[in-house]
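Engineer: Take this structure, written in structure tokens, and hold onto it; I'll ask about it next.
The values are calculated or read from the model by the stated rules, or taken from the named source; none is laboratory data. Source: prediction; values computed, not measured. Using ideal geometry, Cβ is built from the backbone for each residue, glycine included, and neighbour counts are taken over all protein chains shown. What goes into the accessible areas is simple: the full protein's heavy atoms, side chains included, and nothing from ligands, DNA or RNA. Shrake-Rupley method; radii C 1.70, N 1.55, O 1.52, S 1.80 Å.
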Amino acid sequence: MAQILKNVWRNVLSGSSFTKTPFKVANFTTSLSEVGWVKNTDTIMTSIKSAPTPENILATVQQHLPIMTHKHLLQALRSLFELQKSGKFEQTDELIKDPTFSVLCQNFKKHARALDVNEAIEAVKVLSFLSVPVDSLIVQTMLQLIRTNINLINIRQIMFLDFLLNQFDSKNHLVDVLKLALPLTFQIHLPLELDHDDLPLLRDMLIYSCNHDLPDRCINNVVTGLLLHDQRIDAQTAKSIVWSLCQVNCTEKVFPTRVQLLHICYDILTQQIDQLHYNDVLRTAAKIKGRVLEKHPEYYQEQLLDAIADYVIRNNIEFEPALLIARVLSRVAHTHLGLMEYLCNLALNEENNLSTARTNILFSFINCLSNNNYTPDLEQWDVLRQNISENPILSATNAALPWTKVCLELASLGHYDDKLLEKVFSERFLTEYLAREKNILDLLQLLTLHEAVNAFYSDEYKLPEDVIQKAKDAYPIHAATDNVRNCLARGLGGKEYVGKNVVLPNGFIADLFLALKNGTPIMIPQFTQEKEKIPIENLNLPMEVLPTCLLLFNQGCYSMNSNRLRGTFRLVLDMLEKQGYAAVSINVSEWMKTPSHERIPYLMREIDYKCGEMGMKLSAT
């Protein structure tokens with residue numbers, strides 16, 4: 001009986017309301033509180049995300065700040081960023097001066113310990129876009145958090161963060177520290193995260209590596225990965241790769257894979273150039289130009305530059321943008337006569353009238369025509385010449401403008417303007433023009449212009465004798481003269497048939513000189529070889545010989561894609577022939593590239609061509 005009573009009592013106690021009810025009530029109350037809090041915070045998040053204006057976001061923050069987590073605060077910043085990005089408001093200055101925004105930033109900073117590095121990077125993105133100063137406490141806190149966890153970020157985050165840091169206007173120590181640390185971190189992560197299957201990532205890695213001049217091994221690893229995608233690279237990707245490779249060394253002997261990738265991308269752009277916007281085409285041409293002018297011929301490709309010129313014509317680009325591209329091609333001496341014809345046709349339209357063109361437009365147009373050695377048909381050219389002469393800039397007195405160069409380029413096109421010539425040959429202009437230091441080029445341009453004007457236009461324009469003498473004294477001797485002379489002497493039968501550095505009456509120097517009688521070279525007195533420069537009068541040439549001048553020109557004097565002399569250099573040959581000489585131009589750069597056994601025939605062939613034009617045949621002993 002006693003045992004039965006114990007069991008009954010135990011059962012009563014176990015089911016007693018006094019022992020169980022308080023715990024059940026407490027648990028139920030807590031659950032309701034948690035559910036209500038979660039529901040409330042979800043409402044806050046939804047309210048922030050759907051807020052139509054910055055005022056609504058800040059009002060939500062002000063109302064619920066005590067219960068907001070770092071995620072709510074980050075979402076508030078993110079939503080402000082999205083509204084600004086979509087153009088819902090423009091005055092970021094007013095936003096960051098709002099007291100509630102300051103409270104938002106202060107409380108977000110207090111939650112910094114709860115942030116992971118991804119959230120810190122996103123916060124920096126938002127804050128920079130909203131123009132929050134880099135030296136503000138909130139931005140500094142986020143940057144410090146990133147610096148502390150820099151080893152945890154991946155390659156993509158490194159590249160994005162580098163972009164963000166460059167958005168800050170003012171200098172800051174912490175930003176500078178991160179900019180130094182990120183490339184080092186990138187180098188560590190590169191071998192671990194290099195994915196040869198991810199073309200966009202490889203492209204971005206190359207951009208970053210080249211922008212930051214990372215070690216060759218890093219760039220080469222990325223280049224190797226990109227070479228695996230040669231069939232998948234589109235025009236936009238090819239453009240980005242070309243831009244990147246224009247920042248680093250691509251010498252073929254040292255970095256053959258880089259050159260291979262560069263040429264693959266050139267070929268892609270040549271075929272798909274129409275997929276690019278004009279600005280991208282212009283920037284691509286400009287970057288290539290920069291490398292070519294820095295003496296890196298591996299960046300020059302005739303087919304791509306032709307495609308760029310054709311792009312202008314095919315897409316009916318307007319005059320000034322078309323002229324910008326023509327200027328770039330002209331700087332690298334790439335000739336495209338179709339583009340010149342296109343520009344001349346546009347220049348005949350009233351809206352592009354050269355008589356009202358700005359100075360840089362007018363001078364650039366003249367320079368492009370001269371460098372391409374191109375004049376339009378006579379009817380067009382007469383109109384263009386008249387428009388050029390009517391432009392008021394030609395009456396300007398600003399001595400800083402390149403008047404001599406412009407006159408010389410116009411002379412190469414057969415146009416002489418009295419207003420310009422009177423200005424350039426005036427005592428006042430010459431005094432100011434020649435007062436500059438290192439004015440050898442100025443003197444040579446003046447001498448060439450003086451001879452061209454007197455030969456083809458008028459003998460009324462004269463330089464002072466002292467200026468002419470200075471220019472003659474400054475006329476240079478070509479460094480390759482002896483090498484070319486030795487080869488030519490073997491072809492003609494001896495050095496006695498070839499003079500060198502012969503000074504003509506006009507002051508020009510014939511690098512090599514022959515005296516031809518019925519196509520046969522005659523001997524030149526030997527004493528001429530003992531001096532550096534020999535006046536032609538000292539040669540005592542017979543009256544019946546044809547004086548033949550060989551002028552040595554470097555590659556820069558020619559078109560890169562043809563053996564066409566640029567206008568001002570061709571003008572020198574024209575003047576010599578006007579004065580009774582046979583003038584032969586030799587492309588020394590091309591000559592040096594030919595095999596040794598071809599060099600003598602090369603020279604003989606060029607002279608024979610000129611003899612043929614003069615109605616005779618070269619006959620060497």
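Engineer: Non-local amide H neighbours of Thr520 (under 5 Å, H modeled in plane, Pro and chain starts lacking H): which ones?
Structural biologist: Hits under the 5 Å cutoff: Ser619.
Engineer: May I ask you to give the percent of accessible area on the stretch 247-329 that is carbon plus sulfur, with a probe radius of 1.4 Å? Walk me through the numbers on the way to the answer.
Structural biologist: Working: 1880 of 3970 Å².
Taking all protein chains in place, the stretch 247-329 shows 47 percent carbon and sulfur surface.
Engineer: Right, next: Assuming R0 = 35 Å, what is the FRET efficiency of Leu65 and Ala181, from their Cβ-Cβ distance, to the nearest 0.05?
Structural biologist: On the way: r = 35 Å, r/R0 = 0.99.
Rounded to the nearest 0.05, the efficiency is 0.50.
Engineer: Please work out the C-alpha center-to-center distance from the stretch 45-69 to the stretch 235-314 and express it in whole Å.
Structural biologist: Each part's Cα centre sits 50 Å from the other's.
Engineer: Looking only at the stretch 401-415, which residues have a backbone nitrogen under 19 Å from a spot 7 Å from the Cα of Ile440 in the C-beta direction?
Structural biologist: The answer is 405.
Engineer: Only helical DSSP H runs with n ≥ 4 go in: add -39500 (n - 2.57) per run for the chain, normalise by residue count and round the 222 nm mean residue ellipticity to 500 deg cm²/dmol. Please list the in-between numbers first.
Structural biologist: Numbers: 29 runs with 380 residues, N = 621.
It lands at -19500 deg cm²/dmol.
Engineer: Hey, another quick one. Under the Kirkwood approximation applied to all pairs of distinct alpha-carbon atoms, what is the hydrodynamic radius of the stretch 475-614 in Å?
Structural biologist: 15.2
Engineer: Further question: Which aspartates and glutamates, on any chain, are close to Lys253 with Cα under 20 Å apart, when same-chain ones fewer than 8 places away are left out?
Structural biologist: Correct list for Lys253: Asp213, Asp216, Glu294, Glu298.
Engineer: Per residue of the stretch 283-298, what does 6.51 cos²θ - 1.76 cosθ + 1.60 with θ = phi - 60° give for ³J(HN,Hα)? Whole Hz please, x for Gly and Pro, Karplus curve as stated.
Structural biologist: Rounded to whole hertz, the list is 5, 5, 4, 5, 5, 5, 4, x, 6, 5, 5, 8, 6, 10, x, 5.
Engineer: Mind checking the full-extension length gain between Ala474 and Ser170? Use 0.36 nm per residue of separation minus the Cα-Cα distance, one decimal, nm.
Structural biologist: Full extension of this stretch gives 104.5 nm more.
Engineer: Between Glu252 and Asp195, what's the calculated FRET efficiency when r is the beta-carbon distance and R0 is 30 Å? Round to 0.05.
Structural biologist: Numbers: r = 28 Å, r/R0 = 0.93.
According to the calculation, E is roughly 0.60.
Engineer: Give the span of the stretch 44-190's Cα atoms along each principal axis, as three whole-Å numbers ordered largest to smallest.
Structural biologist: The Cα atoms of the stretch 44-190 stretch 45, 29, 24 Å along the principal axes, largest first.
Engineer: Oh, and also: Over what distance in Å are the Cα centres of the stretch 583-611 and the stretch 110-146 separated?
Structural biologist: Going from one Cα centre to the other spans 68 Å.
Engineer: I'd like the Karplus ³J(HN,Hα) series for the stretch 578-590: coefficients 6.51, -1.76, 1.60, θ = phi - 60°, whole numbers in Hz, and an x wherever there's a Gly or Pro.
Structural biologist: Values per residue, Gly and Pro as x: 4, 8, x, 9, 8, 10, 10, 9, 10, 7, 5, 4, 5 Hz.
Engineer: Further, regarding this structure: Using a basic spin-label model with each label point 7 Å from the Cα along Cα→Cβ, how many nm lie between Asn220 and Tyr609?
Structural biologist: Here the modelled spin labels are 4.2 nm apart.
Engineer: Could you give the accessible area per residue of the stretch 44-190, probe 1.4 Å, as a whole number in Å²?
Structural biologist: Numbers: 7360 Å² over 147 residues.
Ligands and nucleic acids excluded, the figure is 50 Å² per residue.
Engineer: How large, in percent, is the carbon and sulfur part of the accessible surface of the stretch 436-578 at a probe radius of 1.4 Å?
Structural biologist: Details: 3310 of 6550 Å².
Roughly 51 percent of what the probe reaches on the stretch 436-578 is carbon or sulfur.
Engineer: Moving on. Leaving out ligands and nucleic acids, note down the accessible area per residue over the stretch 195-317 with a 1.4 angstrom probe, in whole Å². Can you show the working numbers first?
Structural biologist: Details: 5570 Å² over 123 residues.
I get 45 Å² per residue for this part.
Engineer: What is the dipole size for the chain, taken about its Cα centre, with +1 at each Lys and Arg Cβ and -1 at each Asp and Glu Cβ, in debye to the nearest 20?
Structural biologist: On the way: 60 positive and 70 negative charges, 599 e Å.
For the chain, the charge dipole is close to 2880 debye.
Engineer: Considering only protein heavy atoms, what per residue accessible area in square angstrom results for the stretch 475-614 with a 1.4 angstrom probe?
Structural biologist: Numbers: 6070 Å² over 140 residues.
Heavy-atom SASA per residue in the stretch 475-614 reads 43 Å².
Engineer: Something else about it: So for the stretch 270-400, taking the charge dipole from beta-carbon charges (+1 Lys/Arg, -1 Asp/Glu), which of Ile288, Ala357, Asn316 sits furthest toward the positive end?
Structural biologist: Result: Ile288, furthest along the dipole toward the positive end.
Engineer: Let me ask something else. How big is D, in µm² s⁻¹, for the stretch 316-359 by Stokes-Einstein at 37 °C and 0.692 mPa s if Rh is the Kirkwood radius over C-alpha pairs?
Structural biologist: Numbers: Rh = 10.9 Å.
For the chosen part, D equals 301 µm²/s.
Engineer: Also, I was wondering about something else. Over 29 Å between Cα atoms: which of Lys495/Lys610; Lys110/Lys171; Lys295/Lys578; Lys419/Lys578 fall into that group? Display every interim value, and only then the final one.
Structural biologist: On the way: Lys495/Lys610 21 Å; Lys110/Lys171 25 Å; Lys295/Lys578 35 Å; Lys419/Lys578 25 Å.
Those over the limit are Lys295/Lys578.
Engineer: If you don't mind, another one. Give, rounded to the nearest 20 debye, the magnitude of the charge dipole that the stretch 44-190 has about its Cα centre when Lys and Arg contribute +1 at Cβ and Asp and Glu contribute -1 at Cβ. Spell out each step's value before the answer.
Structural biologist: On the way: 14 positive and 13 negative charges, 78 e Å.
Here the stretch 44-190 has a charge dipole of around 380 debye.
Engineer: To continue, here is another question. Report the one residue of Ala489, Phe513, Tyr602 whose Cα lies farthest in the direction of the positive end of the charge dipole of the stretch 475-614 (charges on C-beta: Lys and Arg +1, Asp and Glu -1; origin at the Cα centre).
Structural biologist: Of the options given, the answer is Tyr602.
Engineer: Listed highest first by mean packing, meaning other Cβ atoms within 10 Å per residue, what order do 42-48, 240-246 come in?
Structural biologist: Numbers: 42-48: 16.3, 240-246: 22.7.
Top to bottom by mean Cβ count within 10 Å: 240-246, 42-48.
Engineer: Check Ala583: other-chain or 5+ apart residues with amide H under 5 Å from its amide H, H built from backbone geometry?
Structural biologist: Here Cys549 satisfy the definition.
Engineer: For the chain, with equal point scatterers placed on the C-alpha atoms only and solvent neglected, what are the log10 I(q)/I(0) values from the Debye formula at q = 0.09 1/Å, to two decimals?
Structural biologist: -0.95
Engineer: Fully extended, how many nm does the chain gain between Glu302 and Leu152 (0.36 nm per residue separation, minus their Cα-Cα distance)?
Structural biologist: On the way: separation 150, 0.36 × 150 = 54.00 nm, distance 4.66 nm.
Between Glu302 and Leu152, full extension yields an extra 49.3 nm.
Engineer: What does DSSP give for the chain in terms of the percent of beta bridges that are antiparallel, rounded to the nearest 5?
Structural biologist: Numbers: 12 of 20 bridges.
Just about 60 percent of them are antiparallel.
Engineer: Output ³J(HN,Hα) for the stretch 112-128: one whole-Hz value per residue in order, computed from phi by the Karplus curve 6.51 cos²θ - 1.76 cosθ + 1.60 with θ = phi - 60°, and x for Gly and Pro.
Structural biologist: Karplus-based 3J(HN,Hα) across the stretch 112-128 equals 4, 5, 7, 7, 8, 5, 5, 5, 5, 5, 5, 4, 4, 4, 5, 5, 5 Hz.
Engineer: Give the carbon-plus-sulfur fraction of the accessible surface of the stretch 333-387 in %, rounded to a whole number; probe 1.4 Å, heavy atoms of protein chains only.
Structural biologist: Details: 1040 of 2270 Å².
Carbon plus sulfur share of accessible area: 46 percent.
Engineer: Quick one: dipole size for the stretch 475-614, taken about the Cα centre, charges +1 on Lys/Arg Cβ and -1 on Asp/Glu Cβ, in debye to the nearest 20.
Structural biologist: 240
Engineer: Let me ask something else. Would you work out which of Gly580, Pro476, Met523 lies farthest towards the positive end of the dipole of the stretch 475-614? Charges go on Cβ: Lys and Arg +1, Asp and Glu -1.
Structural biologist: Pro476
Engineer: Order these peptides, 342-355, 510-523, by their mean beta-carbon neighbour count within 10 angstrom, highest first. Write down the numbers at each step before the final one.
Structural biologist: Numbers: 342-355: 16.4, 510-523: 19.5.
Order by mean packing, descending: 510-523, 342-355.
Engineer: Between Asp274 and Glu590, 0.36 nm times their residue separation minus their Cα-Cα distance comes to what? All intermediate terms of the calculation are to be shown ahead of the outcome.
Structural biologist: Values: separation 316, 0.36 × 316 = 113.76 nm, distance 3.35 nm.
Value of the extension gain: 110.4 nm.
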